[in-house]
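Everything below concerns the one structure shown next.
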Amino acid sequence: MNLIIENREKIRLGSPIKIPDGARILIVCDDNADTERLKVILQEEGFVSEWAKSIAAGCEAAKSGEFQVIVSAPLLKDGSWRRLTDIANHFDLRFEIVLWVRNFDLHEWAVALEEGAFDVLDATCEQPKAVEATKCALWAAYLKGAGPNQRAASPRKAA
């Protein structure tokens, strides 16, 4: 438990922390530019990420249990990020959800946190904020029991 507390402090203070082998991030977004920007930001920090272009594809990928963090746009053409929380609850998956948004007011932000989002990020935020939020979500998922999946060592392409 002390290791987790020390790691949280390192994350908060901006110290570099090695991303454990097998840690995986799923990006659920239909905007190619936003997704590519986020993938590059996370890859530079050592995260392995995959991309799903729809909520349906994101939910199918999430069911695999291979992801500790899902970064999602709040609303895609085929549904809301809330379907991801339904999948997590139904299958007892312990991933965390970070919303990656362009327009979100304070009320929507508060509701998202109440309904299970770990954090809400502005898609125009600076790289350190996106990395910090993702690392914190990763460690929160580990605390809940969603450790790295060693059999998922290489990324697969989500539809």
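The single condition from (1) within 18 Å of Glu36 (Cβ to Cβ); (2) in contact (Cβ under 8 Å) with a residue 24 or more places away in the chain that Pro74 fails is (1).
Helices (runs of 4 or more DSSP H) fully within region 48-121 that include at least 3 residues being among the polar types (S, T, N, Q) and in contact with a strand residue (DSSP E or B) (Cβ under 8 Å, 6 or more places away or on another chain): none found.
Restricting Ala123, Ala88 to those that are closer than 24 Å to Gln43 by Cβ and at pLDDT below 95 reduces the list to Ala123. Scan region 20-42 and give yes if some residue there is surrounded by fewer than 17 Cβ atoms within 10 Å (Cβ to Cβ), assigned to a helix (DSSP H, G or I), modelled with pLDDT under 90 and of a type in the set (A, V, I, L, M, F, W, C), otherwise no. There is no residue in region 20-42 that is surrounded by fewer than 17 Cβ atoms within 10 Å (Cβ to Cβ), assigned to a helix (DSSP H, G or I), modelled with pLDDT under 90 and of a type in the set (A, V, I, L, M, F, W, C). Within region 121-131, is there a residue that is open to solvent by 10 Å² or more (accessible area, probe 1.4 Å), among the small types (Gly, Ala, Ser) and farther than 15 Å from Ala23 by Cα? The answer is no; no qualifying residue exists. The selection criterion, being out of contact with any His (no Cβ under 7 Å at 6 or more places or on another chain), open to solvent by 30 Å² or more (accessible area, probe 1.4 Å) and at pLDDT 95 or above, does not hold for Glu115.
Open to solvent by 40 Å² or more (accessible area, probe 1.4 Å), under 13 Å from the mean Cα position of the chain (by Cα) and at pLDDT 90 or above: is that true of Arg94 in this structure? Yes.
The values are calculated or read from the model by the stated rules, or taken from the named source; none is laboratory data. It should be emphasised that the depicted structure is a prediction, and the values quoted were computed from it without experimental measurement. With ideal geometry, Cβ positions are generated from the backbone for all residues, glycine too; neighbour counts draw on all protein chains shown. Accessible surface areas use protein heavy atoms only, side chains included; no ligands, DNA or RNA. Shrake-Rupley method; radii C 1.70, N 1.55, O 1.52, S 1.80 Å.
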